[in-house]
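A.B. asks: Following this message is one structure expressed as structure tokens.
Readers should treat all values here as calculations from the given coordinates under stated rules, not as data from a laboratory. Everything numeric here is computed off the predicted structure, so don't read it as measured data. Note that each Cβ is placed from the backbone with ideal geometry, even for glycine, and that neighbours are counted across all protein chains shown.
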Amino acid sequence: MQIFKYFMFYYIQIFTITLLLSAALTWLVMKLAMKLGIMDKPDAYRKIHILETPLLGGLAIFATFFIILYLVRYQLLSGNLEPRHWLGFFAGGAWLMIGGFLDDKYNLKPIQQIIWPFLAIASVIIGGVEIEKITNPFGGFIYLGAFSTILIALWLFGIMYTTKLLDGLDGLVSGMTAIGALVIFLFTMSEKYYQSDIGLAALILAAACLGFLFFNWHPAKIFLGEGGSLFLGYALGVLAIISGGKIAIALLVMGLPILDVAWTILRRLVAWKNPFKFADKKHLHFRLLNMGLSVKKSVLFFYIISIIFGLAALFLQSKGKVLALTALLVIMILVVMFFACIDRKNKVV
């Protein structure tokens, strides 16, 4: 009982320190972005904020996350991961910060933007992170071997671009990443899958996101920026891998946005448009706004879906997770059909 109380106090202490550091660094980064003139200007189409808003917010989360990880490095290294794994994780995040700064400042072309996510993925792989096996829903395991690198690259690229394209409403990406990180924390703290090092890192990421959310909640005083929107997907994706290849958990938490991005890419390809260049307001979060929901209510809708499926992932076995993912897919198909009907009626009118 005494040990349990000690660890609870320790985790609460780390969470609180991280939260406060994140809030403080967010305020400093906000002032820095304003001084450097790195601001997001509103437009009449996709950028619905009224005032010019500082970018670079992801830098505060990145700095907070790795500063606290360094301070608790002895606890992190007590697990199965080696220093090179954490260094690869850090190097990948640093690449995203560099690319994000350049894009926020100079508005890079899409071909220049895509370099940094690939460098981040390469850093993780060079650092020795791998997926040895994945659970077979019908029993046993599937050993990946050389396919581990391919799966890691596809997974991280997909989750990074999910959070990048999802970053359209105040507090949406930072809040959902916090939810995903907390679910991974709870999962790795369970008796069956206990991994205190990964759980601690996930808790730190959640607290860093929540500290930033104080300034990012609607109406936002600072935005994540290019680097931040990519980094949150990257961090959540890496934690899902190093927690034992529990990608299914992150998939359930981020399932609706992932399916929305997949549908967006497919829709743009069918229309012969570059899925990573052409921008529109047909993402689900914009659709909810068009239906009359406020920014806060639209964001809370995504939060609720993520919490429901995230908590379900804690109790479901492999087959149950497959069924939950199938349910998410059905929900997304119904949503697409619903909005397709609305578009058709509007055209008739």
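A.B. asks: Packing-wise, with mean Cβ within 10 Å as the measure, how do 59-72, 320-333 rank, highest first?
C.D. replies: Going from most to least packed, we get 59-72, 320-333.
A.B. asks: Continuing with this model, one more query. Over the chain, with a Gaussian network built from C-alpha contacts below 10 Å, which listed residue (Val129, Val295, Val336) shows the highest mean-square fluctuation?
C.D. replies: Comparing Val129, Val295, Val336 in the GNM, the peak value goes to Val336.
A.B. asks: For Phe147 paired with Leu293, estimate the spin-label separation in nm (one decimal), with each label point 7 Å from Cα along the Cα-to-Cβ line.
C.D. replies: 3.6
A.B. asks: How would you rank 265-271, 208-214, highest first, on the average number of other Cβ atoms within 10 Å across their residues?
C.D. replies: 208-214, 265-271
A.B. asks: Need the full-extension length gain, Lys345 to Asn107, defined as separation in residues times 0.36 nm minus the C-alpha distance. One decimal, nm.
C.D. replies: Gain on stretching Lys345 to Asn107: 81.9 nm.
A.B. asks: Take every Cα pair under 8 Å in the chain that's 6+ residues apart, average their separations, divide by the length, and report that relative contact order as a whole percent.
C.D. replies: 22
A.B. asks: Placing +1 at every Lys and Arg Cβ and -1 at every Asp and Glu Cβ, with all other atoms neutral, what dipole size does the chain have around its Cα centre, in debye to the nearest 20?
C.D. replies: 880
A.B. asks: If I model a spin label at Gln317 and Val270 as a point 7 Å from the Cα along the Cα→Cβ vector, what separation in nanometres do I get?
C.D. replies: Inter-label distance under the simple model: 3.8 nm.
A.B. asks: Obtain the nm distance between the two label points defined at Leu334 and Leu77 by a simple spin-label model: each point lies 7 Å from its Cα along the Cα-to-C-beta direction.
C.D. replies: Spacing of the two 7 Å Cα→Cβ label points: 5.2 nm.
A.B. asks: Specify which residue in the list Met39, Met97, Val183 is farthest towards the positive end of the charge dipole of the chain, using unit charges on the beta carbon of Lys, Arg (+1) and Asp, Glu (-1), about the Cα centre.
C.D. replies: Selected residue: Met39.
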